[in-house]
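These notes are about the structure you will find just below.
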Amino acid sequence: MQLGIDVGGTSIKGAVVDLGTGELAGAIRSEPTPETATPGDVVSAIGRIASAVGWSGPVGVALPGVIDGSLLRHAPNLSGAFEENGALACLRSQEGANAVLINDADAAGLAELTYGCAGLGSDGLTIVLTFGTGIGSALLHNGDLIANSELGGLVGSSGRFEEIASGRAISAEALTPVEWARRAQPFFDELEAMLNPSRWVVGGGLSENFDRFASSLDLSKPISVAHLGMHAGVVGAAVAARRVGDGSGAAVQ
Ligand code: BGC
């Protein structure tokens, strides 16, 4: 068992995960992310979630930004204090809390690699894209996660794809699937030309009703919704914590 926390631009979610099966061992707890999204806000939310589920001990934390050792870089949806003061140091400021950090989309990818479809990432490259407040990405190749790919930051002729085609853009601009696909298609085309993936997996908020959106895209490779759906980030955060605990992970403790 391991507590995994997924810190998103809109909500902070957490649950105890059964690492044997990848299933949640209890209800998922969720709180809205305060607009300030300071380390204090996030630490308090993690503390409330941990005590609600009766957890003490190390926590796996998925964050939206580049994880560089114990640091977080380029995290536009969180307070700048995370970058300035060191993300791990900020999280550890809570008495007794120890954390393992992973990028949120990488967490979703790691969860899919561990508990998703058999053979994922073994037949060439799988690109996992999470459509939420931003667009996150994870690259799965030969059974490994290639971390911190940040593909949502690519720029198309109408701007950064994560600004024009994210889950947030869909709700803020009430985009229909066809309107969304018109913006997202060049993103998929660019990635296909650059990386030649063999399949796509979609997670984040969009995974809930992705069929409506996927049918408006024109893709030559299969696309599916993350097996773990909206919970993939929480599950992957828990897996990251275990990987460090057993010495097989590269994240920090
Ligand atoms: C961040 C990524 C993150 C994505 C989804 C982007 O703004 O740069 O690191 O994975 O949002 O949350």
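Within segment 123-148, track down each residue that is on the phi > 0 side of the Ramachandran plot and at pLDDT below 95. Please lay out each step first, then the result.
Kept after step one, since they are on the phi > 0 side of the Ramachandran plot, are these residues of segment 123-148: 124, 142-143, 148.
Hits for segment 123-148 are Gly124, Asn142, Gly143.
Residue-by-condition table, conditions (1) part of a helix (DSSP H, G or I); (2) within 15 Å of the ligand (Cβ to nearest atom); (3) on the phi < 0 side of the Ramachandran plot; (4) touching a residue at least 12 places away in the same chain (Cβ under 8 Å):
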position: Ser56; (1), (2), (3), (4): no, no, yes, yes
position: Asn77; (1), (2), (3), (4): no, yes, yes, yes
position: Glu83; (1), (2), (3), (4): yes, yes, yes, yes
position: Leu88; (1), (2), (3), (4): yes, no, yes, yes
position: Ala105; (1), (2), (3), (4): yes, yes, yes, yes
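Looking only at segment 58-70, which residues are within 13 Å of the ligand (Cβ to nearest atom) and surrounded by fewer than 22 Cβ atoms within 10 Å (Cβ to Cβ)?
Val66, Asp68
Using the structure shown, decide if Pro39 is more than 12 Å from the ligand (Cβ to nearest atom) and either buried (at least 18 other Cβ atoms within 10 Å of the Cβ) or in the same structural domain as Ala15 (by TED's automatic domain parsing) (or both).
Answer is yes for this residue.
This table checks each residue for (1) assigned to a loop (DSSP other than H, G, I, E, B); (2) among the small types (Gly, Ala, Ser).
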| residue | (1), (2) |
| --- | --- |
| Leu3 | no, no |
| Thr21 | yes, no |
| Glu31 | no, no |
| Pro34 | yes, no |
| Gly40 | no, yes |
| Ser44 | no, yes |
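Taking the options Arg160, Arg168, Arg182, name whichever one is buried (at least 18 other Cβ atoms within 10 Å of the Cβ) and not assigned by TED's automatic domain parsing to the domain that holds Gly60.
Every option except Arg168 fails the conditions.
Considering each of Leu113, Leu151 in turn, give the residue that is within 17 Å of the chain's Cα centre (by Cα), under 16 Å from Phe188 (Cβ atoms) and either at pLDDT 90 or above or among the charged types (D, E, K, R) (or both).
Exactly one of Leu113, Leu151 is within 17 Å of the chain's Cα centre (by Cα), under 16 Å from Phe188 (Cβ atoms) and either at pLDDT 90 or above or among the charged types (D, E, K, R) (or both), namely Leu151.
Out of Leu110, Leu129, which single residue is touching a strand residue (DSSP E or B) at 6+ places or on another chain (Cβ under 6 Å), assigned to a helix (DSSP H, G or I) and within 20 Å of Val201 (Cα to Cα)?
Selected residue: Leu110, the only one of Leu110, Leu129 that is touching a strand residue (DSSP E or B) at 6+ places or on another chain (Cβ under 6 Å), assigned to a helix (DSSP H, G or I) and within 20 Å of Val201 (Cα to Cα).
For segment 195-212, which positions are buried (at least 23 other Cβ atoms within 10 Å of the Cβ) and in a helix (DSSP H, G or I)?
If the condition is that a residue be buried (at least 23 other Cβ atoms within 10 Å of the Cβ) and in a helix (DSSP H, G or I), then Leu206, Ser207 are the ones that fit.
In segment 136-167, what count of residues is obtained for those that are part of a helix (DSSP H, G or I) and either within 10 Å of the ligand (Cβ to nearest atom) or closer than 24 Å to Leu113 by Cα (or both)?
6
The values are calculated or read from the model by the stated rules, or taken from the named source; none is laboratory data. Treat the numbers as computed from the prediction; the structure is a model and nothing was measured. Note that we place each Cβ from the backbone using ideal geometry, even for glycine, and neighbour counts take in every protein chain shown.
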